[in-house]
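Participant: First the structure, then my questions, so here it is.
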Amino acid sequence: MNTTLATRVPPSAPVHPSIHPDERAAREQLAACYRVFAMLGWTEMIYNHITVRLPDSVTGGEKQFLINPFGLHYSEVTASNLVKIDLQGKVLDGSAWPVNPAGFTVHAAIHDGLPGAHCVMHTHTTAGVAVACLQGGLQQTNFYTAQLHGMVAYHDFEGITIHADEGPRLLRSIGDRNAVILRNHGLLAWGQTLPQTFAILWTLQRACEIQMATFSMGAAIPVSEEIAQRCTRDALQFSPEHGAGQDVFDALVRQVDRIDASYKN
């Protein structure tokens, strides 16, 4: 990797005025999301990824998505330095920034293989990795796990995710479940919109945090199947008919704006 690229000051030029307005909106929303993750501490140095598939109005039907430039911390990501790539990881917007193969390999497989996967998020938080390493994984013992009944998939660890042949196996493991625990690895979520994906990942993250804290003290009280099913049915934060997390995401972006709105550049 070019070390000059990896250490240079992030560009702060505004998004080019000729860019399609739908791409401009996607870039700004995704850059804001990276800053939200940084604010929440959901970062892993320069690693991990949040990707958004660009709409057909931008791509003409081609499958293209935006990903973070490899070498920048999430707090340095802006609308203009996000990199537009295709399913093979080819850079399409002339960006000089490199792309981490471990990012586009998994994310491309999901964007390509799951029609509803507009957004994909992946984290290595302490609580998420800890539960991913736990025999039995996420257990139905708290308020947050009860809202994810029937929504969590598991995928066995196959090493660093740079091999394209893992893609079909990952898709089989996921099925139609939006919350994914990558065993021995971390958490992943996908959804129809970025805010919906964030709401799913936030709930999964909180479930892991509470489980980790509970198990450190002793045995947990299980939540019954009946109650968990009811909780998931009654929890409307993932539903497009009820905003699908937009209000929560907007509130967090307002916090980011008060701290540093440079992600819009």
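Participant: Checking the structure you have, find out if any residue of region 191-204 is crowded, with 17+ Cβ neighbours inside 10 Å and more than 19 Å from residue 144 (Cα to Cα).
Facilitator: Within region 191-204, one or more residues are crowded, with 17+ Cβ neighbours inside 10 Å and more than 19 Å from residue 144 (Cα to Cα).
Participant: Let me ask you something else. If you take the residues of region 141-163 that are surrounded by fewer than 16 Cβ atoms within 10 Å (Cβ to Cβ) and touching a residue at least 12 places away in the same chain (Cβ under 8 Å), which of them is nearest to residue 101 (Cα to Cα)?
Facilitator: Residue satisfying both the conditions and the ranking: 162.
Participant: Also, quick follow-up: Can you tell me how many residues in region 1-39 are at pLDDT 95 or above, open to solvent by 80 Å² or more (accessible area, probe 1.4 Å) and not charged (D, E, K, R)?
Facilitator: Here the count works out to 1.
Participant: Just to be sure, is residue 232 surrounded by 15 or more Cβ atoms within 10 Å (Cβ to Cβ) and over 19 Å from the mean Cα position of the chain (by Cα)?
Facilitator: Yes, satisfied.
Participant: Then there is this: Is it the case, given these coordinates, that residue 222 is within 20 Å of residue 136 (Cα to Cα), open to solvent by 60 Å² or more (accessible area, probe 1.4 Å) and out of contact with any Asp or Glu (no Cβ under 6 Å at 6 or more places or on another chain)?
Facilitator: yes
Participant: Here is a list: 84, 63. Which entry is of a type in the set (Lys, Arg) and over 24 Å from residue 265 (Cβ atoms)?
Facilitator: 63
Participant: Could you tell me how many of the residues in region 59-103 are out of contact with any helix residue (DSSP H, G or I) (no Cβ under 8 Å at 6 or more places or on another chain), touching a residue at least 40 places away in the same chain (Cβ under 8 Å) and open to solvent by 40 Å² or more (accessible area, probe 1.4 Å)?
Facilitator: Number satisfying all stated conditions: 2.
Participant: Condition first: open to solvent by 50 Å² or more (accessible area, probe 1.4 Å) and either touching a residue at least 40 places away in the same chain (Cβ under 8 Å) or not in a loop (DSSP other than H, G, I, E, B) (or both). Now tell me which residues in region 40-56 satisfy that.
Facilitator: Hits for region 40-56 are 40, 44, 47, 56.
The values are calculated or read from the model by the stated rules, or taken from the named source; none is laboratory data. Keep in mind that this is a model prediction, so the values were computed, not measured. A quick note on method: Cβ atoms are made from the backbone with ideal geometry, for glycine too, and the neighbour counts reach across all protein chains shown. In case anyone asks, the SASA skips ligands and DNA or RNA and just uses the protein heavy atoms, side chains included. Shrake-Rupley method; radii C 1.70, N 1.55, O 1.52, S 1.80 Å.
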